[in-house]
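Each remark here refers to the structure printed beneath this line.
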Amino acid sequence: MIIGTAGHVDHGKTALVKALTGVDADRLAEEKRRGITIDLGYAYTDDFGFVDVPGHERFVHTMLAGAGGIDAALFVVALPEGIRPQTVEHARILDLLGIDRGVVALTKADLTPERTPVVTAELRALLAGSGLADAPILPVSALTGAGLPALRDALRALGGKPRDTDGHPRLAIDRVFTLTGAGLIVTGTLIAGRIALEDRLILSPSGIEVRVRGLHAQNKPAEAACAGQRVALNLTGPRLSKDAVARGHWVLHPDIHAPTFQIDARIHLLADARSLKNDTQVHLHLGAEHVPARMILLDADRLEPNGSALVRLTAARPIGALARDRLVLRDAAATQTIGGGSVVDPFPPRRGRRTPQRLARLLALDAPDAMTALHAALAHPPHWLEWPAFARAWNLRAPDRDALPEIVGAVLAGDLVLDRAAFDTLRAAIVATLTDHHRNEPDQPGLQPERLRLTLTERPPAAAFRAIADILARDGTIARDGPWLRLPDHRVRLSPTDEALWAAARAMIAAERFRPPRVRDIAKAVGVAEPAARGSFKRLQRLGQVIELAQDHFFLRETVAEMAHIARDAVDETGLLTAAAFRDRLDNGRKVAIQILEYFDRVGLTIRQGDHRTVRADRLTMFGEPD
């Protein structure tokens, strides 16, 4: 269990920790000279790990860096002095961080024991309505040892708070230093998951890959550490240096490395704070991070004291944040704590932040767990959401990530998770659209996926729609015919004349698939008038058998699909395609290769930039899959 101290400067926090553990948490020479805590200090016993924080008002930002990862609070008030300014501010910070277990220690009790009833009553009033409202209040003396056994028993009775041991590992860094012979060391509280020796992780937000060379948990060498423990990691990596790491950074699993500038959160404004208008500058504290931020109110034009609101926070630099992370806000001058709350959506959309639909989605996502949030979010239009972002926001590992949609009765289609009713509505709309199309255009093979998607009132993203089409094709609702989608019972028949021409022409085109003969050559070879042959090929193109890439130059549809993939494979190390590289792959001459590339330009598969082209991977299947 990790216990954080809290309380006003010089009320005896560090002395009390030393009396409980035998460890002086003040490690800096300046701390010893001035007699106050300046930076975070640490002390351990077999039962507890203590994070000792500064009490001076100038170091509240440091206190917040240490308080973000604690299980419980040791709230310290000197009996002779009673409640002081940082007593009040630290109490509020603990409540904003959701700390709901702790013990209040009335220190220096040997000096003024008669003040115990008065200070106890004042503290009960201060803590009323907070998570520490019912915390034991015990008089103690670090000097004489009076009350220490009872304090130890009260701390043991608290127990650690539940931690996300099943999620990916996230360690909030609050200290960085180097050791001779070892290298870089980072310490912090493991917020979620497990970390073991030789794990390969990511420093976030920098994205530097690291390996765990050494590990201490609760100040002891260990093979692994689990959520809730204080951890020290000896990290190594090819791009790693002390300058690349700072307090507030994270060590985490690559799957949840997603630095964000913006987060949507629900915050509560303290009762004695000034009302906040839109576009307010604040200081944001999350985990061990401290960063200036701009706050936009989403569901109000002004936030009054003791009120709550949904807000968009835009940080001055990218930070690590996931759903339900607790945060604290201080004013623009960083002199007063004004409020706090929790992250609702760490990866919000850039646009439409105040639309009714977006606000309804945020209210749904403001839930205590991923299952409740997913079920509620899918109940609101458009009744789907991006699954990778949701799974990352809630730190879901593979078993839970794969099982959760089915548990809530949703459908997973590619990167989209859809409410079952919304999926059935899409299915019905697709069938109705194809039915109308077949009735009105009986000689057409069907609709290409993007054209079909654009007919829908509710349009999923293009990639997700392709996944939805795959599901419907597998269950027999629709059928694929090259790049077209159709109903399973829809068939287009060639006339006997066209059938005869096609039987002869197909073999000729396939024999030289990258440089097929033109219409006039085919017509002459099969003994058909050129205009008649040209008409047949136009009809064959409508059926999806061939594609006219240049005037009277028809290629098999599957060959065009093959050439699209060849274009993708022919790009150089910079991601660019040249006509020469494409020509060499096809071995069909520069003129024909240029004609093919110009066709790809027209349909948007390639984008020309001078003598080079880029290939759009999202359009590779526009002609279907190559045989």
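A short reminder: the numbers here are calculations on the coordinates, not readings from a lab. Bear in mind that the values here come from a model prediction, so they are computed numbers and not experimental data. Positions of Cβ are backbone-derived with ideal geometry, glycine not excepted, and every protein chain shown enters the neighbour counts.
Descriptive notes on the structure:
- Exposure proxy shown here: for ILE430, ILE202, the number of other Cβ atoms within 10 Å sets the order, fewest to most, as ILE202, ILE430.
- Ranking LEU543, PHE555, ALA570 by Cα position along the charge dipole of the range 496-619, where only Lys, Arg, Asp and Glu carry charges on their C-beta atoms, puts LEU543 farthest toward the positive end.
- This structure gives Rg/Rh (Cα atoms, Kirkwood Rh), computed directly, and of (1) 1.14; (2) 1.21; (3) 1.03 that value is listed as (1).
- As a rough guide to protection, the peptides 5-15, 334-344 ranked by mean Cβ packing within 10 Å, highest first, stand as 5-15, 334-344.
- Surrounding net charge for VAL119, when Lys and Arg each add one and Asp and Glu each subtract one, Cβ distance under 13 Å: +1
- Protection proxy ranking of 87-98, 170-181, 603-614, 241-252, by the mean of other Cβ atoms within 10 Å over each peptide's residues and highest first, is 87-98, 241-252, 170-181, 603-614.
- Neighbourhood net charge (11 Å Cβ-Cβ; Lys/Arg +1, Asp/Glu -1) for ALA146: 0
- Over the chain, DSSP H runs of length four or greater, each weighted -39,500 (n - 2.57), average out per residue to a 222 nm ellipticity of -10000 deg cm²/dmol.
- Total formal charge among the other residues, if their Cβ is under 14 angstrom from that of ARG602, Lys/Arg +1 and Asp/Glu -1: +1
- Here r is the Cβ-Cβ distance between ALA360 and GLU530 and R0 is 51 Å; the resulting FRET efficiency, rounded to 0.05, is 0.25.
- Once both labels are positioned 7 Å from their Cα atoms along Cα-to-Cβ, the gap between ASP424 and ASP153 label points is 6.1 nm.
- Placing a label point 7 Å from the Cα of ASP134 along the Cα-to-Cβ direction, the residues of the range 72-102 whose backbone N falls under 14 Å from that point are 100-102.
- Using Cβ point charges alone (K and R +1, D and E -1), the dipole size of the chain about the Cα centre works out to roughly 1240 debye.
- Charged side chains reduced to their Cβ positions (Lys and Arg at +1, Asp and Glu at -1) give the range 555-627 a dipole of some 320 debye around its Cα centre.
- Relative contact order (%) - the chain, alpha-carbon pairs under 8 angstrom, separation at least six: 7
- Per-residue packing, averaged as other Cβ atoms within 10 Å, sorts the ranges 101-113, 407-419, 541-553, 483-495 into the order 101-113, 407-419, 541-553, 483-495, beginning with the highest.
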